[in-house]
Amino acid sequence: MEQKLKNRVGIITGATSGMGKAIAMEFDKEGAKLILSGRNSERGNELTKAAKNSIFIAGDISKPETNEQLVKAAIDHYGQLDFIALNAGILGLGSVIELPLDTWNTTLNTNLSSIFYLSKYALPYLLNSDIGNILINASIAAFKSFPNHPAYCASKAASIALMKQMAVEYAPKVRVNAMCPGPVDTPLLWDSAKAFENPKKAVENVKKATLLQRLGTPDDVAKLALFLISKDSSWITGTSMTIDGGIMNT
Ligand SMILES: NC(=O)c1ccc[n+]([C@@H]2O[C@H](COP(=O)([O-])OP(=O)(O)OC[C@H]3O[C@@H](n4cnc5c(N)ncnc54)[C@H](OP(=O)(O)O)[C@@H]3O)[C@@H](O)[C@H]2O)c1
């Protein structure tokens, strides 16, 4: 069967863990050439051994220069850029009263400004691709509130607004969409549970609250990412797709 991303070049942020890692492996299987981003060089370099056509660039995505460097690496190494998958994210836990200003700023810069930065530097090249594509990994937290997650919820909601704005501005050349996962079994989910008194029970409760009675896996989300990046979704833009085991419908 033909590979869905054969010789397509893309950047994946937050590729060193959880969903980003699963997206990298799924896209590698489908023939993509990848620039992988994260801060942890050990995990990043390990991943490049598994994803054959990939390069890892370490750096803090909340800084504009890191994003500029990722785009430059794609052009220098592969000579083109077809898609960016904006997946890196942090929680920045704490109530509005308690949240340090630093945490608010870091969370907004990591979850939201990084999307602006990477899109800004990548768009001139995406506009030259016949499948230019931007995919944001947002969250159901864009639509639903969680205690002690003010910076997270605000950044995810704003990322959906930015996604819609870019979909309008850069159509028809570039498609722009977002995924909104519910609870997915990654290190971030377990960190998120720390906002509750009994984290283990909180994860068990959230699992039971899904209609499908299980947590999502990183692979569940990677499959949706492949659909939204590939030509299979060629008539979809400006959309946020929930992937949540049905929890938003309870
Ligand atoms: N898990 C869930 O239930 C869930 C639900 C909805 C949405 N999401 C969203 O899905 C995305 C992926 O989350 P995950 O659950 O897979 O989390 P994860 O396993 O904790 O992975 C987060 C990734 O983001 C990277 N990252 C964080 N801050 C960074 C920074 N300043 N610079 C560069 N890279 C940075 C991390 O890289 P390093 O460790 O190398 O720094 C890591 O690769 C996030 O945007 C998250 O908000 C998660």
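Any read-out appearing in this document is the output of simple, stated calculations on the displayed coordinates, not a laboratory observation. Computed from a predicted structure; not experimentally measured. Because the Cβ atoms are built from the backbone with ideal geometry, glycine has one as well, and the counts that use them run over all protein chains shown.
Points to keep in mind about this one:
- For the range 48-178, projected area of the alpha-carbon convex hull averaged over all directions, nm²: 8.7
- Charge context of TYR78, other residues only, Cβ under 10 angstrom, K/R +1, D/E -1: 0
- Amide H partners (placed H, <5 Å) of GLY216, local residues excluded: VAL184, ASP185
- Modelled FRET efficiency - R0 41 Å, ASN128 with ASN249, Cβ distances, 0.05 increments: 0.55
- Which of VAL176, VAL9 has the fewest Cβ neighbours within 10 Å, and the rest in rising order: VAL9, VAL176
- Percentage relative contact order, the chain, counting C-alpha pairs under 8 Å, at least six apart: 20
- Estimated dipole of the chain in Debye, rounded to 20 [Cβ of Lys and Arg +1, of Asp and Glu -1, Cα centre]: 340
- Counting other Cβ atoms within 10 Å as a rough exposure proxy, the listed residues ARG8, ARG39 run ARG39, ARG8 from fewest neighbours to most.
- Panel order for TYR152, TYR121, TYR170, by other beta carbons found within 10 Å of each beta carbon, from fewest to most: TYR170, TYR121, TYR152.
- Across the options PHE83, PHE227, ALA167, the greatest Cα extent toward the positive end of the charge dipole of the chain (unit charges at beta carbon of Lys, Arg, Asp, Glu) belongs to PHE227.
- With K and R counted +1 and D and E -1, the other residues having a Cβ less than 12 Å from that of SER240 yield a net charge of +1.
- Using just its DSSP H runs of length 4 or more, each adding -39500 (n - 2.57), the chain gives a mean residue ellipticity at 222 nm of -13500 deg cm²/dmol after division by all residues.
- The chain: DSSP helices with Cα axial extent of at least 20 Å and average Kyte-Doolittle hydropathy no lower than -0.5: 150-170
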